[in-house]
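The values are calculated or read from the model by the stated rules, or taken from the named source; none is laboratory data. Keep in mind that this is a model prediction, so the values were computed, not measured. Virtual Cβ from ideal backbone geometry, glycine too; neighbours counted across all protein chains shown.
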Amino acid sequence: MLLDRFGRKINYLRISVTDRCNLRCVYCLPEDYAPKGKKEEILSYEELSEIAYCFAELGVSRIRVTGGEPLVRNGISQFISILSKIPGIQDLAMSTNGLLLEKYAGDLAQAGLKRINISLDSLNPEKFSQMTRYGKIEFVMNGICAALEAGLQPIKLNVVVVRGINSEEVGDFAQLTEDLPIHVRFIELMPMGETGFFSEARRVPYEEILKSAGPIAPLEKNDWPEGGGPAHYFKRPGAQGTIGFISALSCNFCGNCNRVRLSSKGVLVPCLDGWMGVPLGEMLRKGADRKEIKREILRTIENKPEHHFMVERAKEELHSPSSRLMCSVGG
Ligand code: SAM
């Protein structure tokens with residue numbers, strides 16, 4: 001079992017397969033964003049899987065493939081197929097914006113993907129385009145239908161709530177869980193990336209989102225949808241799906257953090273926030289064997305920060321304008 005020095009059990013690895021994205025969500029990426037670095041620095045699927053094997057041998061049982069947008073990287077279903085065969089991996093999931101999901105959902109399910117999270121910030125076509133800068137909502141809707149048909153369950157919709165853009169839609173999203181077997185998670189806006197978008201005025205705190213979600217009651221942990229994340233769940237009476245909250249600033253969840261992240265260049269990131277990163281990919285390319293990689297993983301997890309500093313950053317008590325880009329570490 002992988003334990004950090006605060007006694008947290010680490011059993012979850014998020015792998016970002018690319019920094020590229022086919023959207024430019026206003027809170028995530030600048031409009032003129034272009035991934036940094038050379039193409040050759042991106043690890044091959046074989047290299048990423050080699051590192052994933054090391055994690056599995058150390059006791060990690062959950063993997064999420066993310067990005068950037070994971071579906072823009074060629075051969076993603078083959079990668080899922082490799083990961084699904086790693087002994088000890090019991091939960092294999094993906095985060096996507098859903099634009100290309102209609103095309104890939106069937107292949108991904110066949111390759112061994114179990115479940116999927118889809119980012120969808122608005123149910124209104126114009127607002128969706130405003131939030132993503134050029135996304136077409138119908139592609140995402142078709143992707144959701146394809147995922148349901150392919151049996152990628154549970155399906156979770158991730159909604160970042162931004163005052164003045166989609167904050168009036170919290171009730172509509174909550175209503176969706178009554179009509180469909182879909183789990184909606186409201187994500188509090190975080191001060192991440194280099195967009196300059198975050199402000200306290202735009203952030204809608206947990207209590208306010210909770211009130212807007214209408215008549216909901218907390219669920220016992222046993223009734224939460226499958227997953228190992230920081231959300232806690234509620235339900236509307238008689239609803240098919242649930243409503244989750246991920247509130248990094250209102251309710252710090254670091255005490256229960258069970259995850260680390262691997263970037264597409266093979267940098268191991270022990271905390272979503274901050275600058276710490278360990279170049280496992282480089283080590284692998286210089287010939288490190290599994291034993292050496294595993295030693296480095298253990299050392300990094302041992303030094304996993306106790307908590308993030310987003311509250312301080314939000315109040316501008318920290319003068320670094322941002323931490324890292326979400327698209328490098330996969331959210
Ligand atoms: N492209 C995939 C997707 O759309 O889910 C995976 C990568 S995306 C960076 C992962 C998640 O991070 C998305 O749900 C996105 O909304 C969220 N995210 C990005 N920037 C954020 C921010 N500043 N605050 C809160 N969530 C953010």
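Overview of values
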item: Selection count where residues are crowded, with 19+ Cβ neighbours inside 10 Å and over 21 Å from residue 224 (Cβ atoms), scope the range 154-164; result: 1
item: Meets criteria (touching a Gly at 6+ places or on another chain (Cβ under 9 Å), within 20 Å of residue 281 (Cβ to Cβ) and surrounded by fewer than 20 Cβ atoms within 10 Å (Cβ to Cβ)) for residue 47; result: yes
item: Unmet criterion (only one of (1) within 19 Å of residue 8 (Cβ to Cβ); (2) touching a helix residue (DSSP H, G or I) at 6+ places or on another chain (Cβ under 7 Å); (3) of a type outside the set (A, V, I, L, M); (4) within 16 Å of the ligand (Cβ to nearest atom)) for residue 263; result: (1)
item: In the range 249-272, the residues that are part of a loop (DSSP other than H, G, I, E, B), in contact with a Pro (Cβ under 8 Å, 6 or more places away or on another chain) and farther than 15 Å from residue 300 by Cα; result: 249, 250, 253, 265
item: Filter result (in a loop (DSSP other than H, G, I, E, B) and surrounded by fewer than 17 Cβ atoms within 10 Å (Cβ to Cβ)) within the range 110-142; result: 112, 124, 133, 134, 136
item: Residue in the range 210-230 that is buried (at least 21 other Cβ atoms within 10 Å of the Cβ) and either touching a Lys or Arg at 6+ places or on another chain (Cβ under 7 Å) or assigned to a helix (DSSP H, G or I) (or both) present; result: no
item: Within the range 280-331, tally of residues that are part of a helix (DSSP H, G or I), within 21 Å of residue 255 (Cβ to Cβ), modelled with pLDDT under 95 and of a type in the set (A, V, I, L, M); result: 4
item: Complete set of residues in the range 60-98 that are assigned to a loop (DSSP other than H, G, I, E, B) and over 16 Å from the mean Cα position of the chain (by Cα); result: 60, 61, 73, 74, 75, 85, 86, 87, 88, 89, 90
item: Residues within the range 184-197 that are assigned to a loop (DSSP other than H, G, I, E, B), out of contact with any Lys or Arg (no Cβ under 7 Å at 6 or more places or on another chain) and buried (at least 21 other Cβ atoms within 10 Å of the Cβ), tallied; result: 3
item: Residue count, the range 182-215 (criterion: more than 16 Å from the ligand (Cβ to nearest atom), modelled with pLDDT of 95 or more and touching a Gly at 6+ places or on another chain (Cβ under 8 Å)); result: 2
